[in-house]
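Asks: The following block contains the structure, expressed as structure tokens.
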Amino acid sequence: MRKDALVSPAVLRSCALALLISLLSTAFSLAQDASPPTSANAPTTLSSPGLVSPGAARNPANPAPNPLSLPQLPDLTRRENFSAAMQIIILLTVLSLAPAILLMMTSFTRIVIVLALLRQALGTQQLPPNQVLIGLAMFMTFLVMGKTLHRVNDEALQPYLNGTIDQKSALAIAAAPMRDFMITQIERSHNEKDVDLFAQFAGKPRATTWDGVDTLTLIPAFMLSELKTAFLLGFKVYLPFLIIDLVISTILVSMGMMMLPPALISLPFKLLLFVLVDGWRLVAMSLMGSFAT
């Protein structure tokens, strides 16, 4: 039998424990020798920056700060007190609200609905893709809203950035061109009854002039007017393609080919007709021409 097999596990654990204790005691003694000696007569001071010992001298010109006092908040109504972080937060908030503003107060709603109905009328479910339709609608919106956006920039945004007007005045000035655009579209579509509808549910009297209509009532009325106009334009775009579908379906039924999907046969003819008449240019021209500028 080997001699190392006679050593029990308990003896090994005891030896390891004794070695660990000896190493810890050696390290503790070395740490005590490395620490600087302290004098018995030296005054005891606290290293905490917020606490001062009772015997410490105080400078009357620079009194010690009170650790319990609350920090003073800056005057946030002044532009120079806004930090860079606060400006970034406000900018991100405005950017998160920008899509909602784009949908509610511009021509984007009418344009994107008509383009979506056009794609459905053609029978191409995913062509053009949504990214292309949204991008086209956005750039067409920028063209239609060009004069209005220039007014907002010249009358409200640039004076605010230059510090000549405050934020409240800038918002009030910027709302005026947007209100003019929405009012013009409602009057051209003859949808003034939508304004009376929302004013009635808001508990306000019927306004005789547009100055008496507040913005919160004008925005949903403008959206409802845009939806009506968009569906009317979509019906006009949809009608020629519907006639092609009816003709193809009648021909297939008369030939006894009832099992063949009519959309499969009518799709090439609709694409050919749309390309021959330069459909994209006509649709874009009709859309942008439907807005009163």
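Each reported figure results from applying straightforward, stated rules to the coordinates on display, with no laboratory input. Just so you know, these numbers come straight off a predicted model, no measurement behind them. Backbone-built Cβ (ideal geometry, glycine too); neighbour counts: all protein chains shown.
Asks: Per-residue counts of other Cβ atoms within 10 Å, averaged by peptide: what ranking do you get for 201-210, 142-151, highest first? Don't skip to the answer; put the middle values down first.
Replies: Values: 201-210: 10.2, 142-151: 15.4.
Sorting 201-210, 142-151 by mean packing, highest first, produces 142-151, 201-210.
Asks: May I pose another question? Mind checking the full-extension length gain between R281 and L227? Use 0.36 nm per residue of separation minus the Cα-Cα distance, one decimal, nm. Mind showing how you got there, number by number?
Replies: On the way: separation 54, 0.36 × 54 = 19.44 nm, distance 2.22 nm.
Roughly 17.2 nm would be gained on extension.
Asks: Compute the FRET efficiency between F201 and Q125 as 1/(1 + (r/R0)^6), taking r as their Cβ-Cβ distance and R0 = 30 Å, and round to the nearest 0.05.
Replies: 0.20
Asks: Hey, which lysines would be in cross-link range of K204, C-alpha to C-alpha under 29 Å, not counting anything within fewer than 8 residues on its own chain?
Replies: Within reach: K168, K193, K228.
Asks: Something else about it: At S249 and K147, where each label point lies 7 Å from the Cα along Cα→Cβ, what is the point-to-point distance in nanometres?
Replies: Taking the two extended label points, one gets 4.4 nm.
Asks: Which shape class, rounded, prolate or oblate, goes with region 223-278 when its Cα gyration tensor gives a ≥ b ≥ c as root eigenvalues, a/c under 1.5 marks rounded, and past that a/b bigger than b/c marks prolate?
Replies: Values: a/c = 3.61, a/b = 2.08, b/c = 1.74.
It comes out prolate by the Cα gyration axes.
Asks: Starting from a Cα-only point model with no solvent, please compute log10 I(q)/I(0) by Debye for region 144-223 at q = 0.17, 0.18 1/Å.
Replies: -0.72, -0.77
Asks: Also, quick follow-up: Full-extension gain between M104 and K193, please, as 0.36 nm times their residue separation minus the C-alpha to C-alpha distance. Spell out each step's value before the answer.
Replies: Details: separation 89, 0.36 × 89 = 32.04 nm, distance 1.83 nm.
Residue separation times 0.36 nm, minus the Cα-Cα distance, leaves 30.2 nm.
Asks: Tell me the label-point distance for the pair A263, K236, using the 7 Å Cα-to-Cβ offset, in nm and rounded to one decimal.
Replies: Distance between the two pseudo-spin positions: 2.7 nm.
Asks: Ok, one more. Treat each spin label as a single point 7 Å out from the Cα along the C-beta direction, and report the D154 to A175 distance in nm.
Replies: A separation of 2.3 nm, rounded to one decimal place.
Asks: Same structure again: Kindly identify region 92-225 as rounded, prolate or oblate by the Cα gyration tensor criterion: order the square roots of the eigenvalues as a ≥ b ≥ c, call it rounded if a/c is under 1.5, otherwise compare a/b with b/c, prolate if a/b is larger, else oblate. Please list the in-between numbers first.
Replies: Numbers: a/c = 2.34, a/b = 1.25, b/c = 1.87.
Oblate, because a/c is 1.5 or more while a/b does not exceed b/c.
Asks: Show me, for region 162-179, the HN-Hα J-couplings you get by feeding each phi into the Karplus relation (A = 6.51, B = -1.76, C = 1.60, θ = phi - 60°), rounded to Hz, glycine and proline as x.
Replies: Per-residue couplings from phi come out as 7, x, 7, 10, 8, 5, 5, 5, 5, 5, 5, 5, 5, 6, 5, x, 5, 5 Hz.
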